[in-house]
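To start, the structure under review is shown below, and the notes come after it.
A short reminder: the numbers here are calculations on the coordinates, not readings from a lab. Just so it is clear, the structure is predicted and the values come from calculations on it, not from any experiment. As a convention, Cβ positions derive from the backbone with ideal geometry for all residues, glycine included, and neighbour counts pool all protein chains shown.
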Amino acid sequence: MIDARTHDPDLEPEGEPEGIPGSGSRRTTVGRELLEWTKTLVLTVVLAFGLRSVVVEAFVVPTGSMRPTIVEGDHLLGTKFHYWFWEPQRGDVVVFRPPDRAQELSGVRSERFVKRVVAVGGDTVEIRSGVVFVNGVAVEEPFIAEAPHYEVPSRIVPENHVFVLGDNRNESLDSHRWGFLSEESLIAHVFARYWPLRRVGGL
């Protein structure tokens, strides 16, 4: 962007060095261009951080708790504003801040988990004989690694909470171990994988 004042002769600097006509103008023009480039760079950085904070963020998955849907090393994209406007839905893949109980069971401090929403506030959820039931109906889950080897007695998900499980049911530290997750802990709705290239696509 060029400052319009550089074209206004009334604003050009006076008193150029004798014997070097125009040198002061050139120095001023270069300085102004550097200033404009600096402003543009700063604005770009601010916008990038702003987008990351509010719109879309990239996440790297370090564990196999969501196999086969998501594997170790997958790079995901999640919309951070999603749950400002929409309620969590069954089947959503979400990134969230794990509750204290999950941290205790893990033994490794982690700021983010990724799991799938299985039931939402008001739903009745139960797991028996290797099948997940929501509101008394068996849920078809072609995306899981294998049927769960554990059981969860029938319970009602509190309002403003969700029940989340990893797709790798028997190798996942999730709601069947530590309970319900508050919607306030949701960070992002995962919508795509962008790396590795052979696995690029929506989720």
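Where does each of LYS115, LYS80 land when they are ranked from fewest to most other beta-carbon atoms within 10 angstrom? Please report the intermediate quantities before stating the final value.
Values: LYS115 25, LYS80 18.
The most exposed by this proxy come first: LYS80, LYS115.
Electrostatic tally near ASN160: other residues with Cβ closer than 9 Å to its Cβ, Lys and Arg +1, Asp and Glu -1, net -3. Ranking of TYR83, TYR194 by neighbouring Cβ atoms within 10 Å, starting from the fewest: TYR194, TYR83. For the stretch 184-192, putting each phi into the Karplus relation 6.51 cos²θ - 1.76 cosθ + 1.60 with θ = phi - 60° gives couplings of 5, 7, 5, 9, 7, 9, 7, 10, 7 Hz, in residue order, rounded to whole numbers and with x for Gly and Pro.
Shape call for the stretch 54-142 from the C-alpha gyration tensor, a ≥ b ≥ c root eigenvalues: rounded (a/c under 1.5), prolate (a/b greater than b/c) or oblate? Taking the square roots of the gyration eigenvalues as a ≥ b ≥ c, the stretch 54-142 is prolate. When the P(r) of the stretch 56-202 is calculated, the portion above 24 Å amounts to 27% of the C-alpha pairs. The amide H of ASN160, built 1.01 Å from its N in the peptide plane, has GLY121 as neighbours under 5 Å, considering only residues 5 or more places off or on other chains. Overall shape of the stretch 122-203 was characterised from the C-alpha gyration tensor. The equivalent ellipsoid obtained from it has semi-axes of 24, 17, 11 Å, in decreasing order. Electrostatic tally near GLY91: other residues with Cβ closer than 14 Å to its Cβ, Lys and Arg +1, Asp and Glu -1, net -3.
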